[in-house]
Amino acid sequence: MTDMEEKFPRALWVRLIIYIAVGHVFAAFIYLLFELGAKQ
């Protein structure tokens, strides 16, 4: 497990998780806009 930690620093994992979370929220927001736009 120490080899993995040496290859990937903790800051990189935190940044990766944040990017994934923000990306999903952004994608969900765009999907919601298209869904609301299609109903009207």
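The values are calculated or read from the model by the stated rules, or taken from the named source; none is laboratory data. Note that the structure is a prediction, hence the values are computed from the model and not measured. All Cβ positions, even for glycine, are placed from backbone atoms using ideal geometry, and neighbour counts span all protein chains on display.
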Of the residues in region 1-33, how many are aromatic (Phe, Trp, Tyr) and modelled with pLDDT under 95? 2
So the check is Cβ under 9 Å with 6+ separation or different chains; which pairs have a first residue in region 7-20 that's surrounded by 10 or more Cβ atoms within 10 Å (Cβ to Cβ) and a second one that's in a helix (DSSP H, G or I)? Phe8/Leu16
